[in-house]
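Read the figures in this text as sums done on the coordinates, not as results from a lab. All figures in this text were calculated on a predicted structure; none of them were measured in a lab. Cβ coordinates were reconstructed from backbone atoms using ideal geometry, including for glycine residues, and neighbour counts include every protein chain displayed.
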Amino acid sequence: MSAVRTVLGDVLPGALGVTDAHDHLFLHSPQLPGRELADATAARAELAAFRAAGGRSVVQWTPYGLGRRAADLPLLSRAAGVHVVCATGL
C-alpha cells in the first residue's frame with residue numbers, strides 16, 4: 001500500500017504510528033438508546049487523550065445513517081493532531 005486516505009489527505013502508512021483500528025467518534029443507533037455519541041467537544045477530548053498516550057491514528061467506523069458526522073472529522077483531526085480514517089462502515 002502506497003498511501004492511506006485520511007480525512008485530511010493521503011499519508012504514508014509509516015506515518016500512522018499507533019493506530020486505533022476500530023472506533024466511533026459519533027454514533028446514533030436506535031439499538032442503543034441513551035448511548036449516543038454526539039458531542040464534538042467530547043470526541044475532541046478523546047482524540048487528544050489518545051494522542052497524549054502515544055496514539056497517532058484512528059479508523060472511524062460509524063456507518064452512514066448512524067450519525068457519523070463525516071463533515072466534523074477533518075476539524076477534529078486537525079485540532080487533536082491525530083490522523084482520522086473515515087471508513088464507510090458498510
Note, region 68-76: 3J(HN,Hα) by Karplus (6.51, -1.76, 1.60, θ = phi - 60°), whole Hz, Gly/Pro = x, goes 6, 6, 4, 5, 7, 5, x, 4, 5
Rg/Rh over Cα atoms for the chain, Kirkwood Rh, comes to 0.96
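Using only helices, what value at 222 nm comes out for the chain when you add -39,500 (n - 2.57) per DSSP H run of length 4 or more and divide by the total residues, to the nearest 500 deg cm²/dmol?
Values: 2 runs with 21 residues, N = 90.
Helix contribution divided over all residues of the chain: -7000 deg cm²/dmol.
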Ordered by number, the trypsin sites (Lys or Arg not before Pro) in region 1-51 that occupy a DSSP loop and have at most 10 other Cβ atoms within 10 Å are 35
